[in-house]
Each structure stands twice: as C-alpha cells, then as structure tokens.
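Laboratory data are not the source of any read-out in this text; all were calculated from the coordinates shown. It should be emphasised that the depicted structure is a prediction, and the values quoted were computed from it without experimental measurement. When we count neighbours, we look across all protein chains shown, and the Cβ atoms used for this are built from the backbone with ideal geometry, even at glycine.
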Amino acid sequence: MGNSTPTYFTNFVKSAQRTVIEEHNSSTVVLNSNYDFFISGNKVKIRTTTQFFKETDDSYYLATYLIVDGIVAPQSGHPDGANAEHVNVVADIAKPTTISNKKDFGYLIANGARQNQKVNLEFDVDYNLNWEKEDMSIAIVMFKEQGDSIVFANAFTK
C-alpha cells in the first residue's frame, strides 16, 4: 500500500482537514439538536429537539440517521466473508411523522428563526428484530440552504 495524503471536502469544496476542523470549531453555533428514541412495535421512534442560539433569516434542514453497531452481513474480501461484523452502519434515514417538507438532504425545520426558538420533531424508521437497542444510536445532521447548495451547520450524536 502506498503512502498518500487524504483529500477532504467540506460543502463540496476541497480543503485541508485541519482547516476544516479549525473553521468549524471557531464559527458561531447557530443551532444544535438532541434526541431520544425508543422501540414501539415494528418502529424505532425518534424525538428530536433543535434549538437556535441566534436569530437567522436562513433556511435550515435536519436529517436523522439510524446507526446500528454489530450488523452481521457479507463483505467482499473480508476473512469472515458472509459473517463479517460491521461497525456503526447507517442502517436507515428516519422519516418525520410530523412534517413533510423534504429535500434530498433533509427536512425543513426553519425558514428564519428567533434566538432560543426550539423545534420538536418526531421521526420513525422500521425496526429489524435482529437489532438490539444498546447497539443503536442516532446521528443528526443540520444543514443550511445557501443559494443553490447546502452548507453543513452542525451535527450531533451520543
């Protein structure tokens, strides 16, 4: 295997990893989100709360991903073949049960927001009986619409 420098892209622009992290860490936090989830029948139910920390006129979107650790499935070239254990797999994108304003990258949560405004949403995703709750987590990614493109705003998981 040869040595090479990884290439990083932020908001579809090639950039250096250190620069990307430093820019994000030094930027003003406009919004962040938290969640809780539970299993009900054949669904994983997710509740999110997103809070805006400053007033904005921009449009913000939220995408909620179900992550499952330890899924056993085939992997080409893996020594375990059909019994390869996969770590932290994005198993599905949760769909909101309370809104329907969707774009390819998420669901509109605000078209302009006040400081301290909170947006509560509920999502669900099909539950696979082979998954254990302790192996599941949620990742929330928030995007800002900027012209004809999207810009990463924040993300949260626990």
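With a cut-off of 8 Å between alpha carbons and a minimum separation of six or more residues, what is the relative contact order of segment 47-154 in percent?
Relative contact order here is 40 percent.
If I stretch the segment between Lys133 and Ile67 completely, what's the gain in nm (0.36 nm per residue apart, minus their alpha carbon distance), one decimal?
So the chain would gain 22.7 nm between Lys133 and Ile67.
Determine which aspartates and glutamates satisfy two conditions relative to Lys45: a Cα distance under 19 Å, and not lying fewer than 8 residues away in the same chain.
Asp36, Asp69, Asp92, Glu122, Asp124, Asp126, Glu132, Glu134, Asp135
Would any residue of segment 38-63 have its amide N under 17 Å from a label point 7 Å out along Cα→Cβ of Asn120? List them or say none.
38, 45-52
Could you put Ile67, Ile93 in order, starting from the residue whose Cβ has the fewest other Cβ atoms within 10 Å?
Neighbour counts put them in this order, fewest first: Ile93, Ile67.
Filter the trypsin sites (Lys or Arg not before Pro) in segment 75-145 down to the DSSP loop ones having no more than 11 other Cβ atoms within 10 Å, then list what survives.
Hits after loop and neighbour filter: Arg114.
Using Cβ counts within 10 Å as a stand-in for footprinting exposure, how do Thr56, Thr98, Thr64 rank, fewest first?
Lowest to highest Cβ neighbour count: Thr98, Thr56, Thr64.
Collect residues whose amide H, placed 1.01 Å from N in the peptide plane, falls under 5 Å from the amide H of Thr97; neighbours closer than 5 in sequence don't count.
Glu122, Phe123, Asp124
Exactly which GluC sites (Glu not before Pro) in segment 18-124 are in a DSSP loop and have at most 15 other Cβ atoms within 10 Å?
Here the sparse-neighbourhood loop sites are Glu55.
Along Cα→Cβ, 7 Å out, is where each label goes; now give me the distance between the ones at Lys54 and Phe152 in nm to one decimal.
1.9 nm
Under 1.5 on a/c is rounded, so check that first for segment 29-157, then, if it is not, pick prolate when a/b is larger than b/c and oblate when it is not; a ≥ b ≥ c are the square roots of the alpha carbon gyration tensor eigenvalues.
prolate
Considering the dipole of segment 29-157 built from charges on the beta carbon (Lys and Arg +1, Asp and Glu -1) around the Cα centre, which of Ser59, Phe152, Gln75 is farthest to its positive end?
Of the options given, the answer is Ser59.
Averaging over every viewing direction, what projected area does the convex hull of the Cα atoms of segment 98-137 cover, in nm²?
4.7 nm²
Can you sort Ser137, Ser26 by how many other beta carbons sit within 10 Å, fewest first?
Least crowded to most crowded, the residues run Ser26, Ser137.
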